[in-house]
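Since the structure comes first, as structure tokens, the remarks are kept for the end.
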Amino acid sequence: MPLETPLEIPEIMLLVASCLRDEELAQCLRVSRTWRDLFRPLRWREVRVGHKFREPPFNSSGDYPRCFGPRPVDIYHHRDLILDLTLFGDTAGLDKYNYPNLHKLAIDYTCGTGDSEQKVDLALTEMFPSLIDLRFEKVPVGVTSWITLFAHHHIRILTLCNILVNTDDAPTFWKACAKLENLEMDRVIIQGGRIPADMMFDRMRTLYVWEAKEMDETSLIDLALRCPKLEELILATVVISPDTPPKPINLPIPKECWPHLENLQLECNIQDADLGSILEGVGNLICLDLHSCTMGEQAFRALGLHFSTLVELNLQNCFSATSSMFRDIMCSCPELEVLKANNVFANDVTEGGPWVCQLLRKLKICFLFGSSETYLQLLIFERLSTLVQLECLTLYYLDFEYYDERRILEFRLDFGLSHLESLKQLTTLDFNYPYVPQIGMLEVAWMKTNWQNLTRISGELNDNPNENERVISALSKRGIYREWSE
Amino acid sequence: MKVTLESSDGQVFTVDKEVAELSVIIKEMLVIEQANQDHPIPLLNVGAVELAKVIEYCEHHRNDPTIDDDEDYDSRKKPIEMDDWDKQFTIVNKEMMFELILAANSMQVKPLLHLGCRYAADIVKRMSPTEIRDLFQIDDDFTPEEQDKIEWEKQWTKL
């Protein structure tokens, strides 16, 4: 008697399919017509096509096919099954088919196209009624695309990469963005200066701007202020050098400008007072990344409002953040799981109450000791030993010349390393130093006994090349492998 | 509060209401028939052996947080945590597990359904198409052209 099987019920089959990897699904397709018909839609869910490349994409070895993906005729016959379509280059009118169930469309001209001057104009409304997610990369987009985007009912997510919006098209472009919930712009040039005065983006929950060109800090903040429902905000301008003085934001930053914001990343050159107003204006932050910002007294006071909720904090290149700020953070943020700090003076962080950041899983920090402060090494090890959830410890060093007299944390037993025996969760150790710690065979033996979960170590471990080799090979015999630093 | 359930072969089980409510179907029935709970709830598709096993599962998971949204179950994104108890629970033969999947499906006990589907996926993933056909007694009804087409499509799909 045949085994009575739940696999004849389509809903159950799809659940089973969701537990299988692609190559396992491929086997199922070959079982029978019934199985093929059940699993075939999964095969057509996501389609990537590239035709007519000038150069091979992705690698320069030349063996990549000039065309890939199904033939246009096959796409045409299966177009109702396609949910996610990526077209690389000029794909012979594939963007003119009607895909009734398409959710996500990406058009990518990075690899070159037959006629790069020709602008893409999508009649989105008619062609892709169900589209919610649209991505353009290096595509010359014409104004009619922005008009159809504006008229489209469902598109909520727009990603633009390497796109130029010229002065004439800019007002239409901003209007088209008004209904979006999610906008990501990477190396996008929007000409024509400021956004029209009455423009609001009431539905926007996520705004990412990377390497904005022709938009200064004030215009970026202006854009973000028009999105009152933001939950995630990333504003990153072109790389900041520490010598450029921060520019003032010529805008009033109102109180409670983003009450729902939980995730904020700023890589902008803005003043302490402006950063302070922004941090005062947001709800309870969970993730904050102020990579390369200026953190002064005002901004730090405002940061204090978020101490009880912060889970991830990155102040890695905040050159102006002081040791005592990091001490306050570690003594006041009970939810913190990830902290990226910079140079911290041992005598500042060993003062004060206990570190409350007991949930910390990842810590990136550089402890610095004055020449007469060897006794502080032990105190640092004692403090670190309380962070029992720690999985990833990176010790690094920002190379400032005026720290030359300073010493680093000596990761050795004779300086108190054995206190760290409580860090049972530790999996990764990263020494990102310009000069090398003196880790020897004694430390290796100790690590292998006390840190059973340790599997990855990176950086140089000993400045004697022979000793370094010995230490590394001893570690790898116990399954602790050396990797490159972050 | 207690609820009584009756299997297809007439056996009656009494369980706590919150345990029975792991079944979406029973939960909905209890809302509708709030006034009339003197009679056992009949489960026409579930035999006593399977029902006992389903109840055992629900008893153990009675305090789990409920996940209403099917999206959350997408195993590709995030596999459901399987604890030691679940692993013990799934040490049964295929026939029993398939009966349990059917029972979980008809009673809509979603975490058990997903657990069962994972078990079924584990069986299928180690098999060739021929082995799958043998196990489920499925005929190979492909024409050579259809078979060629499947192989041909493979060139460009991830499957």
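I'd like to know if region A:232-241 contains one or more residues that are modelled with pLDDT under 90, surrounded by fewer than 20 Cβ atoms within 10 Å (Cβ to Cβ), within 20 Å of A:LEU290 (Cβ to Cβ) and touching a Lys or Arg at 6+ places or on another chain (Cβ under 6 Å).
The answer is no; no qualifying residue exists.
Would you point out the residue of region A:13-35, among those that are more than 7 Å from chain B (Cβ to nearest Cβ) and either touching a residue at least 40 places away in the same chain (Cβ under 8 Å) or crowded, with 19+ Cβ neighbours inside 10 Å (or both), that is farthest from the chain's Cα centre (by Cα)? Spell out the reasoning first.
Of the residues in region A:13-35, the ones more than 7 Å from chain B (Cβ to nearest Cβ) are A:13-14, A:17, A:21, A:23, A:34-35.
Subsequent filtering for residues that are either touching a residue at least 40 places away in the same chain (Cβ under 8 Å) or crowded, with 19+ Cβ neighbours inside 10 Å (or both) retains A:13, A:17, A:35.
Values: A:MET13: 35, A:ALA17: 30, A:TRP35: 39 Å.
Within region A:13-35, the match that is farthest from the chain's Cα centre (by Cα) is A:TRP35.
Select from region B:95-107 the residues that are without any contact (Cβ under 8 Å) to a residue 40 or more places away in the chain and over 12 Å from B:VAL49 (Cβ atoms) and list them in ascending order. Outline the logic, then answer.
First pass over region B:95-107, keeping only residues without any contact (Cβ under 8 Å) to a residue 40 or more places away in the chain: B:95, B:97-98, B:101, B:105.
Hits for region B:95-107 are B:MET97, B:PHE98, B:ILE101, B:ASN105.
Which condition does B:LEU113 not pass, out of (1) assigned to a helix (DSSP H, G or I); (2) more than 24 Å from A:GLU11 (Cβ to Cβ), if it passes all the others?
Result: B:LEU113 fails condition (2) only.
Would you pick out the residues in region A:36-51 that are over 32 Å from the mean Cα position of the chain (by Cα) and among the basic types (Lys, Arg)? Please lay out each step first, then the result.
Taking region A:36-51 and keeping what is over 32 Å from the mean Cα position of the chain (by Cα), we get A:36-40.
Answer for region A:36-51, where residues must be over 32 Å from the mean Cα position of the chain (by Cα) and among the basic types (Lys, Arg): A:ARG36, A:ARG40.
When region A:307-346 is examined, which residues are found to be outside any strand (DSSP E or B) and among the acidic types (Asp, Glu)? It would help to see each step written out before you state the result.
The initial filter retains those residues of region A:307-346 that are outside any strand (DSSP E or B), namely A:307-311, A:315-337, A:346.
Those that are outside any strand (DSSP E or B) and among the acidic types (Asp, Glu): A:ASP328, A:GLU335, A:GLU337.
Residue check, B:MET127 against (1) assigned to a helix (DSSP H, G or I); (2) at the interface with chain A (Cβ under 8 Å from one of its Cβ atoms); (3) more than 8 Å from the chain's Cα centre (by Cα), all met but one. Which one?
B:MET127 satisfies all of (1) assigned to a helix (DSSP H, G or I); (2) at the interface with chain A (Cβ under 8 Å from one of its Cβ atoms); (3) more than 8 Å from the chain's Cα centre (by Cα) except (1).
Based on what the data block shows, is B:ILE138 more than 30 Å from B:GLU28 (Cα to Cα), buried (at least 18 other Cβ atoms within 10 Å of the Cβ), at the interface with chain A (Cβ under 9 Å from one of its Cβ atoms) and not aromatic (Phe, Trp, Tyr)? Let's see the steps before the verdict.
Values: more than 30 Å from B:GLU28 (Cα to Cα): yes; buried (at least 18 other Cβ atoms within 10 Å of the Cβ): yes; at the interface with chain A (Cβ under 9 Å from one of its Cβ atoms): yes; not aromatic (Phe, Trp, Tyr): yes.
So B:ILE138 fits the description; yes.
Just to be sure I understand, how many residues within region B:78-121 are surrounded by 14 or more Cβ atoms within 10 Å (Cβ to Cβ), within 11 Å of chain A (Cβ to nearest Cβ) and either within 8 Å of the chain's Cα centre (by Cα) or not β-branched (Val, Ile, Thr) (or both)?
Number satisfying all stated conditions: 21.
Limited to region A:1-12, what total is found for residues that are assigned to a helix (DSSP H, G or I) and either more than 8 Å from chain B (Cβ to nearest Cβ) or surrounded by fewer than 20 Cβ atoms within 10 Å (Cβ to Cβ) (or both)? Break it down stepwise before answering.
From region A:1-12, those assigned to a helix (DSSP H, G or I) are A:6-8, A:10-12; that's our starting set.
Now narrow it down to the ones that are either more than 8 Å from chain B (Cβ to nearest Cβ) or surrounded by fewer than 20 Cβ atoms within 10 Å (Cβ to Cβ) (or both): A:8, A:10-11.
Matching residues across region A:1-12 total 3.
Go through the residues of region A:265-272 one by one and say whether even a single one is under 10 Å from A:GLU217 (Cβ atoms) and among the aliphatic types (A, V, I, L, M). Quick ask: steps written out before the conclusion?
Of region A:265-272, the ones under 10 Å from A:GLU217 (Cβ atoms) are A:266, A:268-271.
Now narrow it down to the ones that are among the aliphatic types (A, V, I, L, M): A:266, A:270.
Yes; the residues of region A:265-272 include at least one that is under 10 Å from A:GLU217 (Cβ atoms) and among the aliphatic types (A, V, I, L, M).
What single numbered condition from (1) touching a Ser or Thr at 6+ places or on another chain (Cβ under 6 Å); (2) in contact (Cβ under 8 Å) with a residue 60 or more places away in the chain fails to hold for A:THR394?
Tallying (1) touching a Ser or Thr at 6+ places or on another chain (Cβ under 6 Å); (2) in contact (Cβ under 8 Å) with a residue 60 or more places away in the chain, A:THR394 fails exactly one: (1).
Which of the numbered conditions does B:VAL3 fail, given that it passes all the others? Conditions: (1) in a helix (DSSP H, G or I); (2) at pLDDT 85 or above; (3) hydrophobic (A, V, I, L, M, F, W, C).
Only one criterion in (1) in a helix (DSSP H, G or I); (2) at pLDDT 85 or above; (3) hydrophobic (A, V, I, L, M, F, W, C) is unmet by B:VAL3, namely (1).
For (1) out of contact with any strand residue (DSSP E or B) (no Cβ under 7 Å at 6 or more places or on another chain); (2) farther than 30 Å from A:THR144 by Cβ; (3) surrounded by fewer than 21 Cβ atoms within 10 Å (Cβ to Cβ), each residue gets a yes or a no:
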| site | (1), (2), (3) |
| --- | --- |
| A:GLU184 | no, no, yes |
| A:LEU207 | no, no, no |
| A:PRO254 | yes, yes, yes |
| A:LEU264 | no, yes, no |
| A:LEU279 | yes, yes, no |
| A:ILE286 | no, yes, yes |
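Select, from B:GLU146, B:GLU153, the only residue that is loosely packed, with under 14 Cβ neighbours inside 10 Å and in a helix (DSSP H, G or I). Break it down into steps so the answer makes sense when it comes.
Numbers: B:GLU153 fails: loosely packed, with under 14 Cβ neighbours inside 10 Å.
Just one listed residue meets the conditions, B:GLU146.
What is the residue count in region A:121-141 for residues that are surrounded by fewer than 17 Cβ atoms within 10 Å (Cβ to Cβ) and modelled with pLDDT under 80?
3
Here is a yes/no grid of residues against (1) of a type outside the set (Phe, Trp, Tyr); (2) modelled with pLDDT under 90; (3) within 15 Å of A:ARG482 (Cα to Cα); (4) assigned to a loop (DSSP other than H, G, I, E, B):
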residue	(1), (2), (3), (4)
A:LEU420	yes, no, no, no
A:GLN425	yes, no, no, yes
A:LEU429	yes, no, yes, no
A:TYR435	no, yes, no, yes
A:GLN438	yes, yes, no, yes
A:LEU442	yes, no, no, no
A:TRP446	no, no, no, no
A:ASN453	yes, no, yes, yes
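The values are calculated or read from the model by the stated rules, or taken from the named source; none is laboratory data. On a predicted model such as this, the values are computed, not experimentally measured, just so you know. Using ideal geometry, Cβ is built from the backbone for each residue, glycine included, and neighbour counts are taken over all protein chains shown.
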